[in-house]
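Let me begin by presenting the structure, written as structure tokens, before commenting on it.
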Amino acid sequence: MRVRLFESSGLSRAELMQYGWISGDHNPIHFDEKVADGRGLPGLIVHGMFLYCIVYKAIDDFLLEKSPDFRIKELSSKFSGMTFVNDSFRVEVELDESKELSDPSARNKVFLLNKDGEANCIFQAVFIRRNP
Amino acid sequence: MRQFKSLMGYSEEKVHDDTVPDIFIACLREADFKIFEVLDIDLDRLLHTTQTFDFMKTIFVGDEIVTRPAVTKVRTKLNSANPFVTLEITTEYFRNEELIARTSGTIFVREALS
């Protein structure tokens, strides 16, 4: 069963600038419309790692609510679509219900979905107990 | 750290405590960008395609973290209409020589011959 974790009406240019400043990622496709246009992009592209951080927090909040004994051990992803400035998106999780939450072989999936419900990124997540 | 936690939407209490979300290491990419500079790759030709994080230890505000990135795999396709290179960069994070996290990502470099 899929559970919706987070919904955004879109990240602003100011937020992209702020993430760029914090992370030191000064790739101009994230803040310079002319460069993005020159690269054939329809707008400023959101940093993949910014989205990663948002997805991580959404899962972490979900785990804390479900059981504070667990934390994220591994998170892996393959980006298949791009998220642009002001694009709405949402994050959903699908737990592997055939396994214990902290089973490292559990195939828990997290979806970063665009406004049309298409996956821009699918994550695999492994959880462990905080203090085993 | 406060700015990061605030941007991510953490509560005021969390913003001001001394915890560090594990994913903050995603922001410690200065050495990655140094690799692109050394390889003379324009940043605007890069696209992130895959990324894996393995979080081993919790970190705290004040910890001194050392990052050690390495290019672990290179694939090229240059004899095509759209030549490209992919780089796999693996970075290990240490606190007092203790391995605390590892991340590996694939970077797609467009227009590799331009």
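Odds and ends about this structure:
- Among the protein heavy atoms of the protein assembly as shown, carbon and sulfur supply 49% of the accessible surface, probe 1.4 Å, non-protein parts ignored.
- For segment A:54-83, heavy-atom accessible area (probe 1.4 Å) falls by no less than 50 Å² from the chain alone to the full protein assembly at A:TYR56, A:LYS57, A:ARG71, A:LYS73, A:PHE79.
- Heavy-atom accessible surface of the protein assembly as shown, averaged per residue, reaches 52 Å², computed with a 1.4 Å probe.
- FRET E, pair A:ARG130, B:LEU78, Förster distance 35 Å, beta-carbon r, rounded to 0.05: 0.15
- Taking only the C-alpha atoms of the protein assembly as shown, the Rg (one decimal) and the largest Cα-Cα distance, Dmax (whole number), read 17.9, 55 Å.
- Estimated FRET transfer efficiency when R0 is 45 angstrom, pair A:ARG39-B:VAL15 (beta carbons, to 0.05): 0.80
- Extreme residue, positive dipole direction of the protein assembly as shown, given options B:ILE100, B:ILE41, A:ALA58 (C-beta unit charges): B:ILE41
- The B-A contact accounts for approximately 2900 Å² of buried accessible area, totalled over both chains at a 1.4 Å probe radius.
- Here each label is just a point 7 Å from Cα along the line to Cβ, and for A:ALA14 and B:GLU30 those points are 2.8 nm apart.
- Per-peptide average of other Cβ atoms within 10 Å, ordering B:43-50, A:11-18 highest first: B:43-50, A:11-18
- Debye-sum result for segment A:2-129 in log10 I(q)/I(0), which assumes one identical scatterer on each alpha carbon, at q = 0.19 Å⁻¹: -1.03
- Total charge dipole magnitude, segment A:76-132, about the Cα centre, Cβ charges on Lys, Arg, Asp, Glu only, Debye to nearest 20: 220
- Degrees, to the nearest 10: A:48-66 long Cα axis against longest axis of chain A: 30
- Remark: segment A:2-129 carries a charge dipole of roughly 140 debye about the Cα centre, counting +1 on each Lys and Arg Cβ and -1 on each Asp and Glu Cβ.
- Residue-count net charge about B:LEU99 - beta-carbon cut-off 15 Å; Lys, Arg +1, Asp, Glu -1: -3
- Euclidean distance between Cα centres, segment A:1-70 to segment B:50-109, Å: 19
- Charge dipole magnitude, Cβ of K and R +1, D and E -1 - the protein assembly as shown, Cα centre, debye nearest 20: 500
The values are calculated or read from the model by the stated rules, or taken from the named source; none is laboratory data. Computed from a predicted model, the values in this text were never measured in an experiment. In this analysis, Cβ positions are derived from the backbone assuming ideal geometry, glycine residues included, and neighbour counts consider all displayed protein chains. For the accessible areas, the whole protein counts, side chains as well, though only heavy atoms, and no ligand, DNA or RNA atoms are used. Shrake-Rupley method; radii C 1.70, N 1.55, O 1.52, S 1.80 Å.
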